[in-house]
1. For the range 311-379, what does the equivalent ellipsoid look like in terms of its semi-axes, each the square root of 5 times an eigenvalue of the Cα gyration tensor, given largest first in whole Å?
2. Taking one equal scatterer on every alpha-carbon of the chain, how large is log10 of I(q)/I(0) by Debye at q = 0.06, 0.09, 0.14 1/Å?
3. Treating the range 129-186 as a set of equal point scatterers at the Cα positions, no solvent, please give the Debye-formula log₁₀ I(q)/I(0) at q = 0.14, 0.15 Å⁻¹.
4. Helix-derived [θ] at 222 nm for the chain: sum -39500 (n - 2.57) over DSSP H runs of at least 4, divide by residue count, nearest 500?
5. If you consider only alpha-carbon coordinates, what radius of gyration and Dmax does the range 153-268 have, in Å?
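Nothing in this text is a laboratory measurement; each read-out follows from the coordinates by a stated rule. The structure displayed is predicted, hence computed values, not measured ones.
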Amino acid sequence: MKKTGIHSKNEYTPLLKKTLIGCWAFFIFSCAEAQKPATPIPANLYFPPIESSDWEATLPKSLGWNEAELAKLLEWLPTQNTRAFIILKDGKIVVEEYWGNRLTGLGTMDQNSFWYWASAGKTLTAALIGIAQEEKLLNINDRTDKYLGSGWTSLTSGQERDIKLIHQLTMTTGLDDRVENLDDTSSGSLKYMAKPGSRWSYHNAAYTLLENVVMKASGKSYQAYFEEKIGKKIGMKGLWQQTGLNNVYYSDARSFARFGLLLLANGNWRGAKVWSGNYFTSLSNSSQKLNLSYGYLTWLNGKSSYMVPGPQTVFPGMLIPQAPADMYQAMGKNGQFLMVIPSQNMVIIRMGGSGDNSLVPFLLIRDIWDRLNPVLPKN
């Protein structure tokens with residue numbers, strides 16, 4: 001049984017293969033989102049200590065949860081190659097389970113095992129951008145070439161100047177998503193397709209370059225800035241590691257849960273502010289009108305429609321109709337999920353593999369909620 005170190009290199013490999021009116025409407029919509037008032041810290045939240053592995057727990061029975069249905073859920077999860085699953089209620093651990101990989105024979109994970117976040121790490125990057133803006137190191141309405149220099153794409157100079165940080169945060173750069181490798185950040189793979197703000201497309205390369213923006217703005221390495229502004233402040237154990245063309249965050253499962261708790265607490269940790277401001281309210285609200293179920297590099301539930309990576313189809317209804325409408329989530333390939341449910345003071349994390357090879361396997365979250373709903377008490 002392997003208790004430490006980075007698991008699943010082979011399982012992660014698939015991730016590596018892979019009009020003026022419109023802009024004005026986007027601008028107005030973004031400004032409207034920015035005016036929303038900050039949300040207060042939820043009451044009665046418990047925070048685990050930073051320098052200790054201690055973490056208070058709550059028994060499911062004491063919350064009125066259906067233990068028989070919970071047992072069914074926990075029996076089903078490893079059949080989906082789930083490696084770690086945690087549920088926090090009011091900040092306390094209600095469920096914490098680890099499993100091995102039945103297909104490859106990899107040892108069971110534990111509290112010290114590292115696993116990749118895949119695209120769930122996008123929400124971490126969104127948080128760092130917000131902190132950097134709060135520190136006045138950058139502004140999301142800045143042109144991207146202010147930090148990356150001219151020629152970071154293959155666009156004309158005029159086309160390139162139209163791309164701003166806000167477009168990278170919202171997946172609306174207008175860069176061509178028909179290129180051979182959407183992870184390739186070289187200028188030759190960043191081609192013009194549409195005016196920024198007029199088209200939503202899940203484009204990893206445009207997102208990845210935000211890390212260079214943070215480094216340029218802060219004058220620090222990405223790992224150092226992350227540790228200083230978030231990691232050390234809430235006791236996360238993890239690292240950003242170059243994996244193919246992507247810079248991927250790896251951590252233990254409890255660190256995944258700690259970040260979820262920080263989101264639930266609206267950027268506060270034991271009364272200390274990690275972040276604040278309108279930016280972070282907007283992070284978990286619709287960031288544009290093209291894909292209502294997308295905030296700042298974060299997926300949203302409860303909206304009237306949604307888009308998924310790939311097709312330019314707008315689907316009616318909520319992304320996860322089985323889940324609470326106020327839930328928002330960080331989601332990554334192979335089912336790396338961080339779900340935050342403010343109305344229930346709950347955080348759920350799932351790490352592992354998945355037979356669904358999509359970039360964002362939202363169908364797996366639907367399956368989880370189909371089995372989780374019978375567990376939870378009816379309001």
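1. Semi-axis lengths for the range 311-379 are 20, 15, 11 Å.
2. Values, matching the q order: -0.21, -0.48, -1.24.
3. With no solvent term, the Cα-only Debye profile gives -0.41, -0.47.
4. -8000 deg cm²/dmol
5. For the range 153-268, the Cα radius of gyration and maximum Cα-Cα distance read 16.1, 46 Å.
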